[in-house]
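Okay, so here's the structure we're looking at.
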Amino acid sequence: MLTLPAVLTHAASAVFARGLPQAVQSQPAEVVADASALQQFDSSALAVLLECRRQAMAAGKAFAVHGAPARLRELASLYGVQALIPPVATAATVAAA
């Protein structure tokens, strides 16, 4: 599981995104981004999740998000990208990640 930090704003997202290629490659067949720790974020968090999804798909891996705060889901809906950052389908997937 790829854990997002508590703060993922414009200033922090570039630093976090630099580590995505290695983090995605180290994941099994499905990359699960754990967003449950997010407390302070802006639309940059969506950009990070979309980049994570892009890298997962390029590596032939599935992608899902666990624990997305309501505000993050609202932002995704507002920007029309909610289908691109799907929630984890089952608790078993989270436990296996």
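The values are calculated or read from the model by the stated rules, or taken from the named source; none is laboratory data. These figures come from a predicted structure and were not determined experimentally. Here Cβ is always computed from backbone atoms with ideal geometry, including for glycine, and neighbour counts include all displayed protein chains.
Name the helices (runs of 4 or more DSSP H) wholly within segment 13-93 that hold at least 2 residues that are in contact with a helix residue (DSSP H, G or I) (Cβ under 6 Å, 6 or more places away or on another chain) and closer than 15 Å to Thr3 by Cβ?
20-25, 43-58
Please go through segment 17-42 and give me each residue that is surrounded by fewer than 14 Cβ atoms within 10 Å (Cβ to Cβ) and closer than 13 Å to Arg54 by Cα, ordered by number.
Gln25
Do you know which of the residues in segment 7-34 that are small (Gly, Ala, Ser) and under 15 Å from Val65 (Cα atoms) is farthest from the chain's Cα centre (by Cα)?
Checked segment 7-34; the qualifying residue farthest from the chain's Cα centre (by Cα) is Ala29.
Taking the condition of being of a type in the set (A, V, I, L, M, F, W, C) and more than 15 Å from Leu72 (Cα to Cα), how many residues in segment 1-58 meet it?
Here the count works out to 18.
List the residue pairs whose Cβ atoms are under 6 Å apart, where the first residue sits in segment 79-91 and is within 14 Å of Leu49 (Cβ to Cβ), the second is at pLDDT below 95, and the two are 6 or more positions apart or on different chains.
Close Cβ pairs (under 6 Å, with a partner that is at pLDDT below 95) amount to Val88/Val94.
Need pairs with beta-carbon distance below 7 Å; first residue free of Cβ contacts under 8 Å to residues at least 12 places away in the same chain and within segment 35-48, second not acidic (Asp, Glu); sequence gap 6+ or separate chains.
No pair meets every condition.
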